[in-house]
Amino acid sequence: MNRIPKHIIRKLAERKEKNAFRMLKINQFQVDFCSNDYIGFSKSEEIKIEVERILSTTDFQHGATGSRLISGNFPLFEMAENEIKKFHNSASALLFNSGYDANVGFFSCVPQRGDVVLYDNYIHASIRDGISMSLAKSYKFRHNDLEDLKKMLERFSNGENSVFVVTESVFSMDGDSPDLLKMNELVKEYNAFLIVDEAHALGVFGNQGCGLVQNLGLENDIFARIVTYGKALGCHGASVLGSEILRDYLINFARSFIYTTAMSPHNVATILAGYRQLQTTKSIGLLHQNITFFKRKIKEFHEKTSEKYPFISSDSAIQAVVLSGNDFVKRIAQNIQKEGFGVIPILSPTVPKGQERLRICLHSFNTEEEISNFFDVFYNQFLTQNI
């Protein structure tokens, strides 16, 4: 047997002791309340047909064969980026292999020594990792708290450095959103740069699912937007949207773009087909009908239980109910899963201790009957587990 460093054994044992040990499983549930496939694009026959059509009109090959700076740049990439930037009313778009790659690449190279990054306390791990790789100083502000952000802007905006403010338009664990209109005004007041991750807004909010920033008419004020394709678009990859100068800078300095094999042409074609499908789909409207219905069922649940159980307020596809404690939330989730519902517990340390929760992802293809049945099962857990 190969020797294993002691700290690896110790840290794995600690995870198991806290009931936070992660394992890979193949989750197959009758009702999908866990995937990020919000509008059903991952199984879309229309997208499949469009991908085949796109690939039939290009010089197809299975792999990119290298980075885009060497042998991996094809006309298909530039075709996709041109359509993406037009869709998002952006000066440019640059494709990355994943949302993680985009965030790590962007945040590790854009903020420089002497700069300051102010980020929401609930920001995604990929952004935190990118920030930690930069030479800038970074500070977190309280979640969606503009007063706390203002205090930090007053403290760190001295005119000699660049200050970057980072948030998400829809937060992945809570499903809530910041007041982007007021945040944008505040950031402009202090001459800072606003960066918005739109991972969970693309395909959900705005005209044709363009995202929350565009829906609010802020696309020309935002320094950079990161849009990812592993959620509503049902595939993989990401783009950074911004100025042509920002695009040139990332091509020259973002290591996760420079030093990696480009994504496959098939993947690029799937992204392109997804964007085209957004412009005709009725799924976004169906998703919002389900969101409205789910929120109505929350209200009914509160009326039945005579207490405001902590469902987190959200107008997005992500709905969550806080059930503190890894042991407790796992037990509740397992009981609900036995009834066929794909509801996944979110454990600490992914969320802060005491904020463990069930995360329910809604989709255009869910039915009102499925949502009602979920609440029946959850109410039964309320009665039997005294949650």
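The values are calculated or read from the model by the stated rules, or taken from the named source; none is laboratory data. Owing to the predicted nature of the structure, the values given are computational and were not obtained by experimental measurement. Counting neighbours? That spans all protein chains shown, and the Cβs are built from the backbone with ideal geometry, glycine included. Just the protein is used for accessible areas: all its heavy atoms, side chains included, with ligands, DNA and RNA removed. Shrake-Rupley method; radii C 1.70, N 1.55, O 1.52, S 1.80 Å.
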Please go through the stretch 62-71 and pick out each residue that is open to solvent by less than 40 Å² (accessible area, probe 1.4 Å) and within 30 Å of A136 (Cβ to Cβ). S67, R68
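Quick one: would you say S177 is at pLDDT below 95, among the hydroxyl-bearing types (S, T, Y) and under 30 Å from P345 (Cβ atoms)?
no
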Looking at the stretch 282-303, can you tell me whether even one residue there is touching a Lys or Arg at 6+ places or on another chain (Cβ under 8 Å) and open to solvent by less than 40 Å² (accessible area, probe 1.4 Å)? yes
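Can you go through A232, A262, A269 and tell me which one is over 30 Å from D315 (Cα atoms) and part of a loop (DSSP other than H, G, I, E, B)?
Being over 30 Å from D315 (Cα atoms) and part of a loop (DSSP other than H, G, I, E, B) holds for just one of A232, A262, A269, which is A262.
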The helices (runs of 4 or more DSSP H) lying wholly within the stretch 142-224 that contain at least 1 residues that are of a type in the set (K, R) are 146-156, 180-189
Only one of (1) under 17 Å from N89 (Cα atoms); (2) under 17 Å from the mean Cα position of the chain (by Cα); (3) of a type outside the set (D, E) is not met by Q279, so which one is it? (2)
Can you name the residue in the stretch 119-129 that is in contact with a Ser or Thr (Cβ under 8 Å, 6 or more places away or on another chain) and in contact (Cβ under 8 Å) with a residue 60 or more places away in the chain and, of all such residues, is surrounded by the fewest Cβ atoms within 10 Å (Cβ to Cβ)? I123
So S306, is it open to solvent by 10 Å² or more (accessible area, probe 1.4 Å), over 20 Å from the mean Cα position of the chain (by Cα), over 24 Å from R22 (Cβ atoms) and modelled with pLDDT under 90: yes
Within the stretch 186-245, restricting attention to residues that are crowded, with 19+ Cβ neighbours inside 10 Å and polar (S, T, N, Q), which residue is nearest to S108 (Cα to Cα)? S239
Please work out which one of (1) open to solvent by 60 Å² or more (accessible area, probe 1.4 Å); (2) within 26 Å of E189 (Cα to Cα); (3) touching an Asp or Glu at 6+ places or on another chain (Cβ under 9 Å) is the condition H88 fails and give its number. (1)
Restricting the first residue to the stretch 228-247 and requiring it to be farther than 22 Å from L287 by Cβ, which pairs with a second residue that is open to solvent by 30 Å² or more (accessible area, probe 1.4 Å) meet a Cβ separation below 6 Å and a spacing of at least six or different chains? S243/A91; E244/A91
State whether the residues of the stretch 130-139 include one that is open to solvent by 20 Å² or more (accessible area, probe 1.4 Å), part of a helix (DSSP H, G or I) and farther than 20 Å from S108 by Cβ. no
Based on this model, can you work out whether F365 counts as part of a helix (DSSP H, G or I), out of contact with any helix residue (DSSP H, G or I) (no Cβ under 7 Å at 6 or more places or on another chain) and modelled with pLDDT of 95 or more? no
Name the one entry in E45, E83 that is modelled with pLDDT of 95 or more, farther than 22 Å from L212 by Cβ and open to solvent by 30 Å² or more (accessible area, probe 1.4 Å). E45
Name the residues in the stretch 1-32 that are in contact (Cβ under 8 Å) with a residue 40 or more places away in the chain and under 28 Å from I371 (Cβ atoms), would you? N27, F29, Q30, V31, D32
Determine which single condition T58 fails, assuming it passes every other condition in (1) in contact with a Pro (Cβ under 8 Å, 6 or more places away or on another chain); (2) open to solvent by 70 Å² or more (accessible area, probe 1.4 Å). (2)
Only residues that are in a strand (DSSP E or B) and out of contact with any helix residue (DSSP H, G or I) (no Cβ under 6 Å at 6 or more places or on another chain): list them for the stretch 320-353, please. A320, V321, V322, G342, I344, I346
